[in-house]
Structures are given as structure tokens and as C-alpha cells.
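The values are calculated or read from the model by the stated rules, or taken from the named source; none is laboratory data. Everything quoted here is computed from the prediction, not taken from an experiment. Every residue, glycine among them, receives a Cβ derived from its backbone with ideal geometry; neighbour counts consider all protein chains shown. Only protein heavy atoms, including side chains, enter the accessible area calculation; ligands, DNA and RNA are left aside. Shrake-Rupley method; radii C 1.70, N 1.55, O 1.52, S 1.80 Å.
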Amino acid sequence: MSTATRTNPLSFLTTQLDELRAKGTYFRLRVLEDEQEPACTFDGKKVINLASNNYLGLTTHPKLREAALEATRKYGVGSGAVRTIAGTMKIHMELEEKIARFKNVEACVVFQSGFAANAGTVSAILGKEDFIVTDALNHASIIDGCRLSRAKILVFRHKDVAHAEEQLESVKSESGKKLLITDGVFSMDGDIGPLPALCDLAEKHGAIMMVDDAHASGVLGRNGRGTIDHFNMHGRVDIQVGTLSKAIGALGGYVCGSRDFIDFLYHRARPFLFSTSHPPSVAASCIAAFDVLEQEPERMVKLWENTRYWKKELGFLGFDIGGVSSPASETPITPIIIGDGKLTMEFSRELFNEGVLGTGIAFPTVPEGKARIRTIMTATHTKEQMEQALDVLKKVGKRMGILG
């Protein structure tokens, strides 16, 4: 049959995209034309950036730049293989050893992304006879890892420790392994998981305790060591997952734990086994980033100073920033909750037209009726930039009837 008369078997996707357009939640990717900074150029327009995960400004730090360039000159641009064949370079091992020391654990393995770290770990250690007790608002990578494992999934209400215990109690007579898992910082609301109480539960019920610290790395704990350090839970969390793509400023994810656990992931974690390892420039950048965390604590101090100011001023303007209809933010992630998906996307577009990048997030990333602009403050935002963004938010919010 000629291509001229062939029916497009993917036409159903066009229909679904048309439905998104009708609902007002369709979007196009905005293209960054210069560096990931608090003020940068997207789609030819200079805007104040409220959407980046670059918490500490490390994407452009001179020490990370130089480390990447030096590693490229020394080792080339790629590793050429997966880790288990010929792609484990000395610099990859140096990075894993550095992270393990930083996190005060026996060992660490680096994955190609935080998503791969979560999905690969859960699916590697559990099977269909096992049980996972997971927070309702845990990250999508955790959800996918749970599904891939084929274990039975029991969801507890967000941060509801009593409900988590009910779920563990309901399977206590079952012979399978139990995994209790939570985000350290929840990515859409910015609240912190109740780690001490969950550690108590895991110990009481003999469960494996796992924390995804993607948005806590570089943000909470001493020099950014995360929620385990923030709550002094060292030795009580069996599996720590983190990211190298947010506060660390580069790319990748990592998993920390006992030596045997990490060795097992070397053998069974599918993203590790079947993905080419990081370019040496990325590994070198990450090593330099952990040096910066130790040597420049003032970056975290500034991050939290900016965060407190931002939350206070947004609250004064009258925006819903959580705490009533949604969990209250406790970190640099501060949602502006609008509710309606179409209105949220229109608000985001109007903000951009006025010089502020605040990305709209709607269903299915957040529940229906909980659409929001997720703002993230960084250490490198200036007072002037924050004031300018607040002025735009106020003006557009009033014009669109979001503010009274």
C-alpha cells in the first residue's frame, strides 16, 4: 500500500492533544538560549526565572566549569560503554566514593538520572511476593519503580504516619519483604516527609526504610546532606536516593547504602546495567560540586534567606501558597495554587509576557483542582529580581482576578 493512502495509526494521539488544547492545559516547551540563571533568555525574551532546580547556582560555578573542561581534555567526551562492560572509569568510582563519604554511608552507586535511580532500585530489590507502603504524593519515579517490581502496593495518605502503620499492620502476617518509602522533600508542595516517625515504624515492623532526597540534597542538613542529616537519622535509613541534577548542578542520580546493597544493584538494577555511563565531564563536575558544598556554606545560607523573604512576600500579596487546601511548604519550593488548570496555564503565559518565568503545572502531575505555578527560589536570586517578580505576580494576579 502506498504511503499516500495509508491511515495514520497514531492519529489517536492527535485527538488526545486536541483534548488538551480544549482544556487549556496544552503547552509548548520553552527554549533556554543562554545560561541557567535567575535572569535568562527563553524564546528570545529576557525573564526572571522562578522555575529552575538550580538551588545553589552551581550550573555556572567556575569550579564546576573548569572540572568539566579538564576532564574532557584528559578523558574525552564519553565513556563508550555501560558500567559492567568497559564503561566504569576511575572518575566514576571517585564520584561514588565522594558521595558515600559525604552521606556517611558505606557505599554509593551513580545512575544516569534520579528517575533511573528510584525506578531501578525498587524494581531490583523487590518481587511479586513483596509489599511496598508508599506516600500518596511520592514522586513518579518511585511509583514507576513500584509498578515495575510487581510487588503489592499499599498507599498511605500524605504524611499520615498512623495510616502508614495501618497499611504495615495489614500485611504483617505476610511472608514477603516490606518496603516503606517516602520523599524527603515533596516536589510539588515543598513540604518535608515525617522521617523520624517513619523510621520508628520501619524498625517496629521490620521494614526496609527508603528515602528519595532529590529536593533535599544541597538544601537540608549540614552542607546539604539531606533529610537524613537534617533529622539526624544516620544509620536508620537503609536506602538513600539523591540527585546530581538539581542543587548539585549537573546530571544524574545516586543511591547510597550498605556495601552489599550497592554490589547487588551493580548486578540487578536494569538502568545501571543497560545504560552507558556518564561522560567524564559530568562526573568531574559533580565531584567539584560536593567540594563547593563543603567549602561555600554561605550559598545555603543565602538560599534560605531568599526563601524566607519570598514566602513572606507572596503571603502578603494574598496568594494561596499552601497550608490551607494543600500541604504547607517548608523549603525553597513554594507553589502558588490556582486550582483550575486552564486558568493556571493562562496565568503562566501572562507572567511570561510580563517578564517572569513561572511554569504552570496541572493534572496529571498534580491532582485535578490543584493546578499551580511552582516557584523555586535559589541562592543566586537578587533582592531586585525578587521584588520585580513580585510586582509582576501582583499585577497579573489582580488583572486576572486571582488576587482580590
Counting only backbone N atoms under 20 Å from a point 7 Å out along Cα-to-Cβ of residue 140, the residues of the stretch 53-67 in range are 53-54
Looking only at lysines whose Cα falls under 25 Å of residue 312's and that sit 8 or more positions away or on another chain, we get 159, 246, 302, 370, 383, 394, 395, 398
About its Cα centre, the chain carries a charge dipole, from +1 on Lys and Arg Cβ atoms and -1 on Asp and Glu Cβ atoms, whose size in debye to the nearest 20 is 700
Computed D for the stretch 22-142, Stokes-Einstein, Kirkwood radius over alpha-carbon pairs, 10 °C, 1.306 mPa s, to the nearest µm² per second, is 85
The stretch 119-164 and the stretch 6-58 have their Cα centres apart by a whole-number Å value of 29
Taking the square root of 5λ for each eigenvalue of the C-alpha gyration tensor of the chain, the equivalent ellipsoid has semi-axes, largest first and in whole angstrom, of 33, 27, 25
In Å², rounded to a whole number, the accessible area per residue of the chain with probe 1.4 Å is 45
Distance in Å, no decimals, from the C-alpha centre of the stretch 372-397 to the one of the stretch 167-191 is 35
Inter-part gap, Cα centre of the stretch 276-303 to Cα centre of the stretch 330-367, in whole angstrom, is 29
Sorted on mean Cβ neighbours within 10 Å (highest first), peptides 140-146, 361-367, 168-174 come out as 140-146, 361-367, 168-174
Partner aspartates and glutamates whose C-alpha sits under 12 Å from that of residue 152, ignoring same-chain residues fewer than 8 away, are 129, 130, 174
Note on the chain: contact order normalised by length, alpha-carbon pairs under 8 Å, 6 or more apart, percent, works out to 22
Taking the convex hull of the alpha-carbon atoms of the stretch 135-212 and averaging its shadow over every direction gives an area in square nanometres of 4.7
Of every hundred units of 1.4 Å-probe accessible area on the stretch 246-404, the number belonging to carbon and sulfur atoms, as a percent, is 53
With only helices counted (DSSP H, runs n ≥ 4, each -39500 (n - 2.57)), the per-residue ellipticity at 222 nm for the chain, to the nearest 500, works out to -13000 deg cm²/dmol
Kirkwood Rh over alpha-carbon pairs of the stretch 14-93 plugged into Stokes-Einstein at 25 °C, 0.890 mPa s gives a D in µm²/s of 147
HN-Hα couplings for the stretch 228-243 via Karplus (6.51, -1.76, 1.60; θ = phi - 60°), in whole Hz with x for Gly/Pro, come out as 4, 6, 3, 9, 6, 9, 4, x, 10, 10, 6, 10, 10, 10, x, 10
Pseudo-spin-label distance residue 26 to residue 45, built 7 Å along Cα→Cβ, given in nm, is 1.9
quick note, the stretch 27-164, DSSP beta bridge pairs, % antiparallel (nearest 5) is 50
With 0.36 nm assigned to each residue of separation and the Cα-Cα distance removed, residue 234 to residue 273 gains 11.2 nm
Debye calc, one equal point scatterer per Cα of the stretch 248-404, no solvent, log10 I(q)/I(0) at q = 0.11, 0.12, 0.21 1/Å comes to -0.62, -0.71, -1.24
In whole Å, largest first, the alpha carbons of the stretch 50-117 cover along the principal axes 41, 32, 22
quick note, the chain, DSSP beta bridge pairs, % antiparallel (nearest 5) is 55
